[in-house]
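Everything on this sheet refers to the single structure shown next.
The numbers here are math on the coordinates, done by the rules we state, and not lab data. Keep in mind it's a predicted model, so treat the numbers as computed, not measured. When we count neighbours, we look across all protein chains shown, and the Cβ atoms used for this are built from the backbone with ideal geometry, even at glycine.
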Amino acid sequence: MTLRNCIEYVDSIKPNAFSNDVKTGWLNQCEGPVQSEVFLLHPAEIITYDWKHCAEHELLLDPPHDKIYPAYLISMIDRGNGEDDKYYNSAAIYNEYWRELVSWFALRYRPADRQERVYINETKGMYI
């Protein structure tokens with residue numbers, strides 16, 4: 001899923017007035033912990049996106065775990081609109097997807113043990 005695909009998808013199901021730059025910032029907030037807390041990347045290795053230059057870049061997570069991106073954007077739109085009840089519900093969905101990702105990754109790769117080289121995504125050229 002590209003940055004553009006994610007934002008366009010969310011805009012199609014959750015119309016909003018937030019700019020693509022704001023939504024890109026939110027996606028950086030979503031993917032930062034994925035890179036640092038799941039993939040255990042060094043802070044200097046963290047990838048960040050900007051809308052102008054990165055709209056066609058592939059986000060790091062592939063299906064089925066890429067569902068975390070729209071879930072995060074939807075929750076942030078609800079929060080930004082001050083819709084607390086909707087935010088709590090959408091944040092709960094995001095948190096469910098986050099736990100699913102963390103559990104799957106830890107069981108599959110055991111990154112903290114460093115017992116094997118962890119493949120993240122060949123097309124993105126990332127390994128830890």
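Annotations for the structure displayed:
- Close amide H pairs (under 5 Å, H built 1.01 Å from N) link residue 2 with 59, residues at least 5 positions away or on another chain.
- Most fluctuating residue given options 36, 75, 90, as computed from a GNM of the chain linking Cα atoms under 10 Å: 36
- Between segment 1-17 and segment 47-84, the Cα center-to-center distance that results, in Å: 8
- 3J(HN,Hα) from dihedral phi, segment 67-76, Karplus parametrisation 6.51/-1.76/1.60, rounded to Hz, x for glycine, proline: 5, 5, 5, x, 4, 5, 4, 4, 5, 6
- Between 0 and 90°, nearest 10: helix 3-13 axis offset from the chain longest Cα axis: 40
- J(HN,Hα) series, segment 47-57, from Karplus relation 6.51 cos²θ - 1.76 cosθ + 1.60, nearest Hz, glycine and proline x: 8, 10, 10, 10, 4, 4, 9, 10, 4, 8, 6
- Loop-exposed trypsin sites (Lys or Arg not before Pro) per DSSP, neighbour cap 13 Cβ within 10 angstrom, longest uninterrupted part of the chain: 1-113
- Within the chain, longest stretch free of exposed GluC sites (Glu not before Pro) [DSSP loop, at most 11 other beta carbons within 10 Å]: 57-115
- Remark: the chain carries a charge dipole of roughly 200 debye about the Cα centre, counting +1 on each Lys and Arg Cβ and -1 on each Asp and Glu Cβ.
- This ranking places 61, 101 by how few other beta-carbon atoms lie within 10 Å of each, fewest first, which gives 101, 61.
- For segment 3-127, the relative contact order works out to 26 percent when only alpha carbon pairs closer than 8 Å and six or more residues apart are counted.
- Relative to the longest principal axis of the Cα atoms of the chain, the long axis of helix 20-33 lies at roughly 30 degrees.
- Karplus-based coupling profile of segment 89-96, in residue order and whole Hz: 5, 5, 5, 5, 5, 4, 4, 4, with θ = phi - 60° in 6.51 cos²θ - 1.76 cosθ + 1.60 and x standing for Gly or Pro.
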